[in-house]
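Values quoted throughout were computed directly from the atomic coordinates according to the rules given, and no laboratory measurement underlies them. All of these numbers come straight from a predicted model, not from anything done at the bench. Please note: Cβ atoms are built from the backbone with ideal geometry, for glycine as well, and neighbour counts cover all protein chains shown.
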Amino acid sequence: MASETEQLLLDQAAFLEAGVHIGTKVTTPGMRRFVYKIREDGLFLLNLSTINERIGLAAKLLARFEPKDIVVTASRIYAISAASKFAEITGTRPMPGRIMPGSFTNPRRDDYSEPGIMLVSDTRNERQAIKEASKTSIPTIALCDTDNIIKYVDLIIPCNNKGRRSLALIYYLLAREFLREKGLIKSTEEFNYKISDFEAKLEMKAN
């Protein structure tokens, strides 16, 4: 997991309780390098140090852009809630739900946009957005679970991108660190939000 001397963005216990490191029972070739170990029940566990590092790198990269030029996509209920709160706090542009073909490639569309960078919650459900971003040279940051395809992703944040608490914690940290990198807050104490503010209020029902 994380070494005792490593500076984490949050207490290690908070990361572990949210399950940000708990992957699936499947790993794609591109995500194998982020696996820490395999649990007895067959679930792949992601390296917490890398998750922490990549969240910080993502915040630094996003902060190079104006908020209006940053698009945040989310397709699942838990991700939509967390990403929408992130967008609200940071002033970035949320794109919840399905991304329509041509959103980034067809100037004739009413919803056409030219973002400077894109933050994706799930490469499987939001593959249309990633595909179009690759065609128009839009850099892409993506939350990727062990079973995600990473093609066309420029910066991977390995993490549990399906869990409600995990997504809330990740977007909480991304929002906080983004504001710090922008100089809009000077310390974590000035970030007046809780992780629970990013959580979806409804439980997803199993099919």
What do you reckon, is residue 142 surrounded by 17 or more Cβ atoms within 10 Å (Cβ to Cβ) and over 14 Å from the mean Cα position of the chain (by Cα)?
no
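Can you tell me which residue is surrounded by the fewest Cβ atoms within 10 Å (Cβ to Cβ) among those in region 78-108 that are part of a helix (DSSP H, G or I) and of a type in the set (Gly, Ala, Ser)?
First, pick out the residues of region 78-108 that are part of a helix (DSSP H, G or I): 78-90.
The next check asks that each one be of a type in the set (Gly, Ala, Ser); those that pass are 79, 81-84, 87.
Values: 79: 27, 81: 22, 82: 32, 83: 28, 84: 17, 87: 22.
Applying the filter and picking the extreme gives 84.
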Does residue 109 qualify as being in contact with a Gly (Cβ under 7 Å, 6 or more places away or on another chain) and among the basic types (Lys, Arg)?
yes
Complete set of residues in region 109-149 that are of a type in the set (A, V, I, L, M, F, W, C) and part of a loop (DSSP other than H, G, I, E, B)
138, 149
Looking across region 150-165 at residues that are over 10 Å from the mean Cα position of the chain (by Cα), in contact (Cβ under 8 Å) with a residue 24 or more places away in the chain and part of a loop (DSSP other than H, G, I, E, B), the single one that is surrounded by the fewest Cβ atoms within 10 Å (Cβ to Cβ) is 151
Since residue 13 meets every condition but one in (1) part of a helix (DSSP H, G or I); (2) closer than 21 Å to residue 151 by Cα, which condition does it not meet?
(2)
Taking region 39-72 only, how many residues are outside any helix (DSSP H, G or I) and over 20 Å from residue 153 (Cα atoms)?
8
Go through region 166-190 residue by residue and tally those that are free of Cβ contacts under 8 Å to residues at least 40 places away in the same chain, farther than 14 Å from residue 14 by Cβ and not basic (Lys, Arg).
6
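Kindly establish whether residue 78 is out of contact with any helix residue (DSSP H, G or I) (no Cβ under 9 Å at 6 or more places or on another chain) and of a type in the set (Ser, Thr, Tyr). Outline the logic, then answer.
Details: out of contact with any helix residue (DSSP H, G or I) (no Cβ under 9 Å at 6 or more places or on another chain): no; of a type in the set (Ser, Thr, Tyr): yes.
No.
Please verify whether residue 166 is among the small types (Gly, Ala, Ser), within 20 Å of residue 48 (Cβ to Cβ) and out of contact with any Phe, Trp or Tyr (no Cβ under 8 Å at 6 or more places or on another chain), treating the condition exactly as stated. Quick ask: steps written out before the conclusion?
Details: among the small types (Gly, Ala, Ser): yes; within 20 Å of residue 48 (Cβ to Cβ): yes; out of contact with any Phe, Trp or Tyr (no Cβ under 8 Å at 6 or more places or on another chain): yes.
Judged against the criteria, residue 166 is a match.
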